[in-house]
Amino acid sequence: MSRPNGTVAPMKQVIVVNTALGLPPGKMAAQVAHAALAGFLTASPSAQQEWLQTGMPKVVLQVAVEQDLHDLSTQAAAAEIPAYLIRDAGRTVVAEGTVTCLGIGPAAVAEIDKLTGDLKLL
(Lines give C-alpha, C1' and ligand atoms only; values in the text may rest on other atoms or scores of the structure.)
Protein backbone atom coordinates (compact mmCIF):
# COMPACT_ATOMS: atom_id res chain seq x y z
CA MET A 1 0.00 0.00 0.00
CA SER A 2 1.49 3.31 -1.07
CA ARG A 3 2.50 5.81 1.57
CA PRO A 4 2.12 9.60 1.24
CA ASN A 5 5.79 9.90 0.21
CA GLY A 6 5.22 7.44 -2.65
CA THR A 7 7.06 4.48 -1.08
CA VAL A 8 5.40 1.11 -0.71
CA ALA A 9 4.48 -0.15 2.78
CA PRO A 10 5.97 -3.52 3.65
CA MET A 11 3.64 -6.30 2.51
CA LYS A 12 3.43 -10.03 3.03
CA GLN A 13 1.22 -13.03 2.71
CA VAL A 14 0.52 -15.52 5.48
CA ILE A 15 -0.59 -19.10 5.04
CA VAL A 16 -2.09 -20.72 8.14
CA VAL A 17 -2.12 -24.53 8.19
CA ASN A 18 -4.47 -26.76 10.17
CA THR A 19 -1.90 -29.07 11.78
CA ALA A 20 -4.61 -31.17 13.48
CA LEU A 21 -4.96 -32.99 10.16
CA GLY A 22 -1.42 -34.40 10.24
CA LEU A 23 -1.07 -33.98 6.48
CA PRO A 24 1.87 -35.71 4.77
CA PRO A 25 4.52 -33.22 3.57
CA GLY A 26 3.55 -33.38 -0.10
CA LYS A 27 -0.15 -32.91 0.60
CA MET A 28 0.61 -30.02 2.95
CA ALA A 29 2.82 -28.38 0.32
CA ALA A 30 0.01 -28.63 -2.24
CA GLN A 31 -2.51 -27.13 0.18
CA VAL A 32 -0.17 -24.27 1.08
CA ALA A 33 0.31 -23.59 -2.65
CA HIS A 34 -3.47 -23.51 -3.13
CA ALA A 35 -3.81 -21.01 -0.26
CA ALA A 36 -0.98 -18.79 -1.54
CA LEU A 37 -2.45 -18.60 -5.02
CA ALA A 38 -6.04 -18.14 -3.85
CA GLY A 39 -5.04 -15.39 -1.42
CA PHE A 40 -3.14 -13.63 -4.18
CA LEU A 41 -6.07 -13.82 -6.59
CA THR A 42 -8.40 -12.43 -3.90
CA ALA A 43 -6.23 -9.31 -3.41
CA SER A 44 -6.70 -6.10 -5.37
CA PRO A 45 -4.58 -5.60 -8.49
CA SER A 46 -2.59 -2.85 -6.74
CA ALA A 47 -1.86 -5.10 -3.74
CA GLN A 48 -0.84 -7.89 -6.11
CA GLN A 49 1.62 -5.63 -7.95
CA GLU A 50 3.13 -4.17 -4.78
CA TRP A 51 3.61 -7.64 -3.30
CA LEU A 52 5.18 -8.95 -6.50
CA GLN A 53 7.54 -5.95 -6.62
CA THR A 54 8.71 -6.56 -3.05
CA GLY A 55 9.70 -10.20 -3.64
CA MET A 56 6.45 -11.97 -2.65
CA PRO A 57 7.28 -12.36 1.07
CA LYS A 58 5.23 -15.02 2.80
CA VAL A 59 5.19 -16.86 6.10
CA VAL A 60 3.61 -20.23 6.93
CA LEU A 61 2.03 -20.45 10.36
CA GLN A 62 0.03 -23.09 12.20
CA VAL A 63 -3.11 -23.64 14.22
CA ALA A 64 -4.20 -26.90 15.82
CA VAL A 65 -7.95 -26.36 15.56
CA GLU A 66 -9.99 -25.87 12.37
CA GLN A 67 -12.21 -23.30 14.07
CA ASP A 68 -9.18 -21.01 14.38
CA LEU A 69 -9.00 -20.87 10.57
CA HIS A 70 -12.66 -19.89 10.37
CA ASP A 71 -12.17 -17.23 13.07
CA LEU A 72 -9.13 -15.79 11.28
CA SER A 73 -11.03 -15.74 8.00
CA THR A 74 -13.86 -13.79 9.64
CA GLN A 75 -11.39 -11.36 11.24
CA ALA A 76 -9.62 -10.82 7.92
CA ALA A 77 -12.93 -10.08 6.19
CA ALA A 78 -13.85 -7.59 8.90
CA ALA A 79 -10.46 -5.88 8.46
CA GLU A 80 -10.89 -5.94 4.65
CA ILE A 81 -7.80 -8.10 4.23
CA PRO A 82 -7.98 -10.60 1.36
CA ALA A 83 -8.27 -14.15 2.64
CA TYR A 84 -9.31 -17.52 1.26
CA LEU A 85 -10.15 -20.75 3.10
CA ILE A 86 -8.94 -23.87 1.31
CA ARG A 87 -11.36 -26.80 1.36
CA ASP A 88 -9.92 -30.04 0.03
CA ALA A 89 -11.51 -31.82 -2.92
CA GLY A 90 -11.31 -35.12 -1.04
CA ARG A 91 -9.49 -37.13 -3.70
CA THR A 92 -6.60 -38.35 -1.56
CA VAL A 93 -5.86 -37.92 2.15
CA VAL A 94 -8.81 -36.10 3.75
CA ALA A 95 -12.56 -35.98 3.24
CA GLU A 96 -14.11 -33.61 0.72
CA GLY A 97 -14.66 -30.15 2.19
CA THR A 98 -12.01 -30.47 4.90
CA VAL A 99 -10.53 -27.05 5.67
CA THR A 100 -6.75 -27.41 5.36
CA CYS A 101 -5.35 -23.88 5.14
CA LEU A 102 -6.14 -20.19 5.07
CA GLY A 103 -4.34 -17.79 2.76
CA ILE A 104 -4.25 -14.23 4.10
CA GLY A 105 -3.01 -11.39 1.92
CA PRO A 106 -0.97 -10.07 0.33
CA ALA A 107 -1.57 -7.02 2.46
CA ALA A 108 0.34 -4.63 4.68
CA VAL A 109 2.54 -6.43 7.21
CA ALA A 110 1.14 -4.40 10.10
CA GLU A 111 -2.45 -5.31 9.19
CA ILE A 112 -1.75 -9.03 8.84
CA ASP A 113 0.31 -9.10 12.04
CA LYS A 114 -2.70 -7.79 13.98
CA LEU A 115 -4.44 -11.05 13.09
CA THR A 116 -1.61 -13.56 13.05
CA GLY A 117 1.18 -12.08 15.18
CA ASP A 118 0.63 -14.58 18.01
CA LEU A 119 0.67 -17.71 15.84
CA LYS A 120 3.65 -20.04 15.68
CA LEU A 121 5.69 -20.78 12.57
CA LEU A 122 5.08 -24.15 10.98
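The values are calculated or read from the model by the stated rules, or taken from the named source; none is laboratory data. What you are looking at is a predicted structure, and each value in this text was computed from that prediction instead of being measured. Cβ placement follows ideal geometry from the backbone for every residue including glycine, while neighbour counts extend to all protein chains displayed.
Structure notes:
- Flag if A77 is over 9 Å from P106 (Cα atoms) and at pLDDT 95 or above: yes
- Residue list for region 81-103, filter: in contact with a strand residue (DSSP E or B) (Cβ under 9 Å, 6 or more places away or on another chain), surrounded by fewer than 20 Cβ atoms within 10 Å (Cβ to Cβ) and among the charged types (D, E, K, R): R87, E96
- Restricting the first member to region 19-37 and to residues that are part of a helix (DSSP H, G or I) and surrounded by fewer than 19 Cβ atoms within 10 Å (Cβ to Cβ), and the second to residues that are small (G, A, S) and modelled with pLDDT of 95 or more, the beta-carbon pairs closer than 7 Å and six or more apart or on different chains are T19/A64; A20/A64.
- Of residues in region 65-122 being assigned to a loop (DSSP other than H, G, I, E, B) and acidic (D, E), the one nearest to V14 (Cα to Cα): D118
- Flag for A43 being over 17 Å from V17 (Cβ atoms), free of Cβ contacts under 8 Å to residues at least 12 places away in the same chain and within 13 Å of the chain's Cα centre (by Cα): no
- Restricting region 47-60 to residues that are surrounded by fewer than 19 Cβ atoms within 10 Å (Cβ to Cβ) and in contact (Cβ under 8 Å) with a residue 40 or more places away in the chain leaves a set whose member that is nearest to K12 (Cα to Cα) is P57.
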